[in-house]
Amino acid sequence: MFDNLSQSNTYPSIDVQEKDVDIVHEASVGKISEEQLFYLQSRGLSEEQALQMIVSGFIEPLLKELPLEYAVEMNRLIELELEGSLG
């Protein structure tokens, strides 16, 4: 999460009409920790570069599943969303 006002809610709805089924629902969202940002900044990255690296690392598994042209476009959208978000 980028700030203290943001929130993420998940409301899973699963309709199963079978007798022998395994169902899993997993979601993970959290505020980017100050420690993560500090660590990357102590290695010479700006705060904006550190934030971009953390978000990109989180979203990378999804991007690997997309066709290349969609992955490129999604990266651009994420960069636009993050641009100027630190201040």
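The values are calculated or read from the model by the stated rules, or taken from the named source; none is laboratory data. Nothing here was measured: the structure is a model prediction, and the numbers come from that model. So basically every Cβ, Gly included, is an ideal-geometry build from the backbone, and we count neighbours across all protein chains shown.
Which residue is modelled with the lowest pLDDT, if the candidates are limited to region 74-87 and must be part of a helix (DSSP H, G or I) and loosely packed, with under 12 Cβ neighbours inside 10 Å? Spell out how you get there, then give the answer.
Residues of region 74-87 that are part of a helix (DSSP H, G or I), as a first pass: 74-82.
Still in the list and also loosely packed, with under 12 Cβ neighbours inside 10 Å: 76-77, 80-81.
Numbers: Arg76: 86, Leu77: 85, Leu80: 81, Glu81: 77.
Only one residue tops the list, namely Glu81.
Among the criteria (1) loosely packed, with under 14 Cβ neighbours inside 10 Å; (2) under 20 Å from Gln7 (Cα atoms); (3) among the hydroxyl-bearing types (Ser, Thr, Tyr); (4) modelled with pLDDT of 80 or more, the one Ser56 does not fulfil is (1).
The lone criterion from (1) modelled with pLDDT of 75 or more; (2) among the hydroxyl-bearing types (Ser, Thr, Tyr); (3) in contact with a helix residue (DSSP H, G or I) (Cβ under 8 Å, 6 or more places away or on another chain) left unmet by Tyr70 is number (3). Is at least one residue of region 19-32 in a helix (DSSP H, G or I), acidic (Asp, Glu) and modelled with pLDDT under 85? Scanning region 19-32, I find no residue that is in a helix (DSSP H, G or I), acidic (Asp, Glu) and modelled with pLDDT under 85, so the answer is no.
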